[in-house]
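Written out below as structure tokens is the structure these notes cover.
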Amino acid sequence: MDSTSDIKSKQQAELAIKLENMSYKYDKTRIKPDLFVADWQVQARQHVFLKGESGSGKTTLLNLLAGVLVPNSGEITLLGEPFSQLSPQKIDAFRAKHIGVVYQQFNLIPFVSVLKNVQLAAHFGGTCADQVEHILADLLPKLALSTDCLRQAAGELSVGQQQRVAIARALINHPDILLVDEPTSALDSAARDAFMEVLLALCNKFNTTLLFVSHDPQLQEYFKDRVNIAELNTAQGDAI
Amino acid sequence: MMFSFAWDSIKNRRKSVFLTFISLVISISVLMSVEHIRAQAKESFNRTVSDVDLIVGAPSGQLNLLLYSVFRMGSPTSNISWQSFTTLNELEQVKWAIPISLGDSHRGYRVLGTSSAYFEHFKYGNKQALTFSSGQAFTTTFETVIGAEVAKRLNYVVGSEIIIAHGIGAVSFKNHDQSPFVVSGILASTGTPVDKTVHVSLAGIEAIHLPPAQLRAFINQQSSTQTPDALKPSSISAVMLGLESKMSVFTLQRSINNYQGDRLMAIMPGVALAELWQLMSMVENILIIISILILVSSLIGLAVMLLSSMRERRREIAILRVIGARPRVLFSLIMTEALLLVTASIVTALVLLNVSFFLLGGWLAASYGLFIDANIYTLNTLILSIVVLACAGLITLFPAIDAYKTALHSSLSSTG
């Protein structure tokens, strides 16, 4: 289950994600868990491709890692913090500060401006609102977005643009961990390639640990580290 | 930050929000205007008479005496003798006495026979004395002082000649043609029944009731020097008394009621006013209940609007959760939104009422004799606003708790 790279020096580096005997079930009355991970570790700054068909439990895993769901047993340790043991308030604060999330779609609140969307994330993550525009001025060109779009309502942008804004938003607090769930499913192949390159470059630049979830085998070309959720989840029977 | 986000969210759902806003503005306006008119009516009611310690008339009910002596409504059942008035006037506890004689009218306005003491001692509002906007008090039998409204409605100025009719109808069969009165003064507006009164001297009242032949003789003889008290009245309707000491009110009232020389009844205007207002409290309470019901229904409308928006806001809530908003933040987001809306409604309603009372004030005063102050920013209104806000906060608990629960259970599923 260990998906650490084979480079020896990296094994000494701190762990970004560590799961131990973690189980989760949607229906608490059931005996068998829907998701069980015995032991899984992701190094800091590692980029991991998490492959899985829809219904294999990958979104559940992301929810657990983001702290929106809490495991029924076992432990999740993020950046050395006993994440699954924290109080709900601390989990929310931790997520705001250390974890960025990009979904398949619907990442942005459509009726507020792009700038406001990012400012909201900065607000919860403790980044000064004045700095947001400054950081965005640097970030947007890298994402092939013009700064003109800042004043536009997020809903007016194309899906591809929205996905790139979602990355900018996810990175605004310089998160240590970036969770990305099928971000390219609404993009054509040319846009997808551009998106992937920008994403990986930015993660390298910010030293961000990247967990990239997709069912698309074509995308795994971008990653050295690949994990199949079916191998990770050792829960007996049907997973979610 | 969350405040401006709440505002953006409101703008996004502007249609349903706008309708809710309109319903809130209407209900708050109704509530506030009912409350304001009530307070103003009570105030203008209580300001009709001031500084008068006792009103003395023939025994009837105290309300009846108050109504005809102060409000010029109804008529005296019987009169008291002039002798009683002089007796009262000479009592040592009595500082001043105003005789009142009623029963005649001029084009629908009541005619009040009195003495010069009336202009000197009668007070209204907060012990405000009567003042003349032009002219002066009557000095001869056929002079008259008219209230502000009489002058305005009938276009009278100092020097106008008016005819006083016997009886109190607007049209009288028996006009006292031979006794024209000349307007000697016009009183400044008081917002009380005084504005609708035609004041003449007691001698004037007596003169118009003389048989025509005697009257003509009197008018001819009167061309020489003559004082208004020349024709002594035999009886009057009531007396208003001001006392040297407020402490003696009760004892004097008792001794007047037990007076053997004439059948008299003394009332305290404050007590009688309170009793009269009690009669009206029924209407007052019904109005308040109706406006509270209207407010409650529109507050429920507000809660329904917020609750039904919760479905379309699931995604918004999920996104906010993911970027680190606590469920508590979402709770306060809904609260902020509702209170923002209600505050805006209150402000709009107040401005609306202020403007409409300002514009309609003249019409209300002219048609209904209601003197409504356009300034509605009173302590009462402030308390009412806070109560409305508190009720809104209370009822918004439902959608806010809903948002809190949605937030707790929202997950990162990509369908949001």
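Quick notes on this one:
- Amide hydrogen neighbours beyond the local backbone of A:VAL102, cut-off 5 Å, H modeled: A:LEU179, A:VAL180, A:ASP181
- Charge sum, other residues only, whose C-beta stays under 15 Å from B:ASN257's C-beta, Lys/Arg counted +1 and Asp/Glu -1: 0
- Rounded to the nearest Hz, the phi-derived 3J(HN,Hα) couplings of region A:16-28 under the Karplus curve 6.51 cos²θ - 1.76 cosθ + 1.60 (θ = phi - 60°) are 8, 10, 9, 10, 10, 6, 7, 10, 9, 10, 5, 9, 5, where x marks glycine and proline.
- Highest-MSF residue in chain A out of A:HIS98, A:HIS47, A:HIS123 [GNM, Cα springs under 10 Å]: A:HIS123
- Rough spin-label spacing in nm, given labels placed 7 Å along Cα→Cβ, for A:ALA190 and A:SER146: 1.8 nm
- For region A:113-223, the relative contact order works out to 28 percent when only alpha carbon pairs closer than 8 Å and six or more residues apart are counted.
- Given A:LYS28/A:LYS58; A:LYS58/B:LYS11; A:LYS97/B:LYS15; A:LYS142/B:LYS15; A:LYS97/A:LYS142; A:LYS51/A:LYS142, the pairs whose alpha carbons are separated by over 30 Å: A:LYS58/B:LYS11; A:LYS97/B:LYS15; A:LYS142/B:LYS15
- Per residue, the convex hull around the alpha carbon atoms of chain B comes to 169 Å³.
- Relative contact order of region A:15-134, defined on C-alpha pairs under 8 angstrom at six or more residues apart (%): 23 percent
- Chain B: DSSP helices with Cα axial extent of at least 18 Å and average Kyte-Doolittle hydropathy no lower than -1.0: B:14-46, B:269-312, B:327-368, B:379-409
- Angle of helix A:129-142 to the longest C-alpha principal axis of chain A, folded into 0 to 90 degrees and rounded to 10: 90°.
- Approximate spin-label separation A:LYS224-A:ALA129, in nm, with each point projected 7 Å along Cα-to-Cβ: 4.3 nm
- About the centre of its Cα atoms, region A:72-195 shows a dipole size close to 160 debye [charges on the beta carbon of Lys, Arg (+1) and Asp, Glu (-1) only; nearest 20 debye].
- Exercise: per-residue mean of other protein chain Cβ atoms within 10 Å, A:60-68: 4
- Among B:LEU379, A:HIS47, B:GLY74 - extreme Cα towards positive end, dipole of the protein assembly as shown, charges at beta-carbon: B:GLY74
- Residues in region A:85-102 carry Karplus couplings, in order, of 8, 5, 6, x, 4, 5, 4, 4, 5, 5, 4, 4, 8, 10, 10, x, 10, 10 Hz; the curve used is 6.51 cos²θ - 1.76 cosθ + 1.60 with θ = phi - 60°, and Gly or Pro positions show x.
- Remark: region B:45-110 carries a charge dipole of roughly 360 debye about the Cα centre, counting +1 on each Lys and Arg Cβ and -1 on each Asp and Glu Cβ.
- CD proxy at 222 nm, helix term only [per DSSP H run n ≥ 4: -39500 (n - 2.57); per residue of chain A; nearest 500]: -10500 deg cm²/dmol
- Across peptide A:89-96, the mean count of Cβ atoms from other chains lying within 10 Å of each residue's own Cβ comes to 3.
- Set of lysines with alpha-carbon distance to B:LYS232 below 24 Å, sequence-local pairs under 8 removed: B:LYS95, B:LYS174
- FRET efficiency for B:LEU352 and B:SER116, using Cβ-Cβ distance with R0 set to 51 Å, rounded to 0.05: 0.60
- Rounded to the nearest Hz, the phi-derived 3J(HN,Hα) couplings of region A:117-124 under the Karplus curve 6.51 cos²θ - 1.76 cosθ + 1.60 (θ = phi - 60°) are 4, 6, 4, 4, 4, 5, 4, 6, where x marks glycine and proline.
- Within the protein assembly as shown: Cβ-based charge dipole about Cα centre, in debye rounded to nearest 20 (Lys, Arg +1; Asp, Glu -1): 380 debye
- Debye log10 I(q)/I(0) at q = 0.18 Å⁻¹ for region A:195-239, Cα point scatterers: -0.65
- Once the C-beta distance of B:LYS152 and B:LYS42 is scaled by a Förster radius of 25 Å, the resulting FRET efficiency is 0.50 to the nearest 0.05.
- Paramagnetic reach from B:PHE250 in region B:267-299 [backbone N under 17 Å; point 7 Å along Cα→Cβ]: B:267-272
- Of all aspartates and glutamates in the structure, those lying under 19 Å Cα to Cα from B:LYS152, and not within fewer than 8 positions of it along the same chain, are B:GLU143, B:GLU161, B:ASP195.
- Percent RCO, i.e. relative contact order, over chain B, from Cα pairs under 8 Å lying at least 6 residues apart: 24 percent
- Computed from label points 7 Å out along Cα-Cβ, the spacing between A:THR234 and A:HIS215 is 2.6 nm.
- Under 5 Å from the amide H of B:ILE164 lie the amide H atoms of B:HIS176, B:PHE181, each residue being 5 or more positions distant or on a separate chain, with H modelled from the backbone and absent for Pro and chain starts.
- Test item: B:181-193 mean partner chain Cβ contacts at 10 Å: 0
- The residue among A:CYS128, B:LEU276, B:SER33 whose Cα reaches farthest toward the positive pole of the charge dipole of the protein assembly as shown, with charges on the beta-carbon of Lys, Arg, Asp and Glu, is B:LEU276.
Read-outs throughout are calculated quantities, based only on the coordinates presented, and are distinct from any laboratory measurement. As the structure is a prediction and not an experimental result, all values here were calculated from the model. Positions of Cβ are generated from backbone atoms using ideal geometry, with glycine treated the same way; all protein chains shown enter the neighbour counts.
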